[in-house]
Structures are given as structure tokens and as C-alpha cells.
């Protein structure tokens, strides 16, 4: 469990707060909008109405006590930049700031952000991959070369083992997890027999995944 501060309760900030709470973290939210704070306050650990571009507001919150501070303001980059800088000046341990463009990310990193998130860009890229690669159910990039994909198996695999098919050598992909309804098998052995409706979560390059998925 981590202690998290989220500044800015737009759509992204709200979804982030709710998911972090769902994952059993302690979450404090801050926004100038009294209405959104009133609506969100019963759902989070703590909530405060305030303008975080003012140093005294951040001081009163005690930003150094949080494991992570998120700056998720989407409509005012100047405010986001000021808050990011103030957080670091006041001893914030780790600051993650939202950006919509590379030039914003550059300035945020120079002014105290430890990490940048691009919600719109990341979602667009993820959607593009899903639409371009046949049968991809979900996708997560872990480096420039490798990603994790969720895919249905080939129907010709049903009743055969991983070893018989020789998945790794034939398709250059590594099976990390197999899902079937509520059953989840992590790092399955080569003796696993594929079943109808099995879903695989695999590690591989985009090129290898595209070659594999074109056959599913």
C-alpha cells in the first residue's frame, strides 16, 4: 500500500484516484473545484479544496509525506508546471506529471517531474496497435522492441501441448499466462494441453506477434 497525492480532478485524475483506491492505496485528492471534491471525497482517503499553485496550500498538505505525487491538470499547463516545481521544492519524493505534448514533457522534467504520463497519446497508440494487429485483446509496451499482448490461441492448438506445438521456437513468442474463464495459469509448463477458448498473454516483438496473430 502506498500513500498517494493527486492534484487535479479531471477525468484522468478521477479514474486514477478510483483505481488506486481499488488497489488498496491511501489517496488524497486536491482540486479548486468544490463540486468535484464534494462528489469524490466519500470515495477516497482524504480530499481538500485548494489552489496548489499557492505554496502555502502545498505546505499545509505535507507533500513530503506521500510516496507519490501526481499532477494531473489537463487544461492549464502553466499551473501544472508551477505545481510540479513547487512539489519538488517542498520535498516531494516522486512526482509524476501529466503532459499532452513532448515539449510539455521536456519542461516538466526540467522543473522537477520524475516521470511523465501521456494519457491521450498512450491510449491512441494502444488503440492503433489493437486495430492493426489481428485478434489482439489487449497490449502493453515494455520497451521499444518488446510488448506484452493478450491473444486467443489458434484453434488448431486445442488438445495439443505447448511442447508439441513448440510455440517459442516456431513463433518466437513466450507464453507468460494462460486464461480460461476464471482459471489463470502463470508460466505454464510445456506439458500444458490447450483447451477451447484459452487466452494467452505473451511476450514478443510486434513483428512476431503480427505474424502469429495473422494465423489465429
**Prompt:** Is segment 34-47 home to any residue that is assigned to a loop (DSSP other than H, G, I, E, B), under 14 Å from residue 73 (Cβ atoms) and touching a helix residue (DSSP H, G or I) at 6+ places or on another chain (Cβ under 8 Å)?
**Reply:** no
**Asked** Before we move on, is residue 166 more than 20 Å from residue 135 (Cβ to Cβ), within 25 Å of the chain's Cα centre (by Cα) and loosely packed, with under 15 Cβ neighbours inside 10 Å?
**Response** no
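Residue by residue, here is whether (1) under 22 Å from residue 15 (Cα atoms); (2) modelled with pLDDT of 90 or more holds:
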| residue | (1), (2) |
| --- | --- |
| 81 | yes, yes |
| 88 | no, yes |
| 105 | yes, yes |
| 114 | yes, yes |
| 123 | yes, no |
| 126 | yes, no |
| 143 | no, no |
**Prompt:** Do you know which residues across segment 67-91 are surrounded by 24 or more Cβ atoms within 10 Å (Cβ to Cβ) and not in a strand (DSSP E or B)?
**Reply:** 72, 73, 80, 83, 84, 87
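The values are calculated or read from the model by the stated rules, or taken from the named source; none is laboratory data. What you see is a predicted model, and the numbers here were worked out from it, not measured in a lab. Virtual Cβ from ideal backbone geometry, glycine too; neighbours counted across all protein chains shown.
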